[in-house]
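> My structure is below; once you've seen it, I'll send some questions.
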Amino acid sequence: MDADRKTASVLGGGAGARAAAAELALAGWSVRMWDLPEFFAGMQGLLGEHNLIVSGLSDAIAPIERVTDDISDACEGSSLILIVAQSGGHRPIAMELARAVSPDQAIVVMPGGSGGALEVRQVL
């Protein structure tokens, strides 16, 4: 990994998380992905090649640096952590994240407007 390249961790494995991960990767970020243990099986397709195929208005292959079930591994060294999950997933993800986050990491909770950021702050 290039030392000057920004690193982001995307926590969640659904369509929104994959879209966010692809956008960041195509913008030049080094991207890591993680999901809750009960949903990690849905990430199995990314374990081999670590690429997201983007199609629609543009077609591209978005490289994902790391796909892991270890939240510490996913978040270590990342400057940006995106929690991209349904609102019911915000608290369980925050509870896992609490043991892996450091004070210098920015956390963004998506979707916004559902109180997820307040819930994450309460847990952390």
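Each reported figure results from applying straightforward, stated rules to the coordinates on display, with no laboratory input. None of the values given here were measured: they were computed from a predicted structure. Every residue, glycine among them, receives a Cβ derived from its backbone with ideal geometry; neighbour counts consider all protein chains shown.
> Count neighbours as other Cβ atoms within 10 Å of each site's Cβ, and list the GluC sites (Glu not before Pro) in region 28-94 that are DSSP loop with at most 13 such neighbours.
Qualifying residues, ordered by number: GLU38, GLU49.
> Given a 10 angstrom Cα cut-off, can you work out which residue in ASP104, ASP59, ASP70 is the most mobile in a GNM of the chain?
The residue with the greatest mean-square fluctuation here is ASP59.
> Roughly what angle does helix 15-26 make with the longest principal axis of the chain, taking Cα atoms, 0 to 90 degrees, to the nearest 10?
60 degrees
> Also: Roughly speaking, what is the stretch gain from GLU23 to ALA41, that is 0.36 nm per residue apart minus the C-alpha to C-alpha distance, in nm to one decimal?
Extra length from GLU23 to ALA41 when fully extended: 4.2 nm.
> Do any trypsin sites (Lys or Arg not before Pro) in region 28-124 lie in a loop, going by DSSP, with at most 13 other beta-carbon atoms within 10 Å of their beta carbon, and if so which?
Answer in residue order: ARG99.
> Go ahead and set up a Gaussian network model of the chain, Cα springs under 10 Å, then flag whichever of VAL31, VAL109, VAL54 fluctuates most.
VAL54
> Could I ask something else about it? Which whole number of Å³ per residue matches the convex hull of the alpha-carbon atoms in the chain?
Numbers: hull volume 12.9 nm³, N = 124.
Per-residue hull volume (Cα only) is 104 Å³.
> Now, a different point. Let's test the formula: R0 of 25 Å, r as the Cβ-Cβ distance of ASN51 and GLU76. What FRET efficiency results, to the nearest 0.05?
Rounded to the nearest 0.05, the efficiency is 0.70.
> Only helical DSSP H runs with n ≥ 4 go in: add -39500 (n - 2.57) per run for the chain, normalise by residue count and round the 222 nm mean residue ellipticity to 500 deg cm²/dmol.
About -8000 deg cm²/dmol.
> If you count the DSSP beta bridges with both ends in the chain, what percent of them are antiparallel, to the nearest 5?
DSSP beta bridges in the chain are roughly 20 percent antiparallel.
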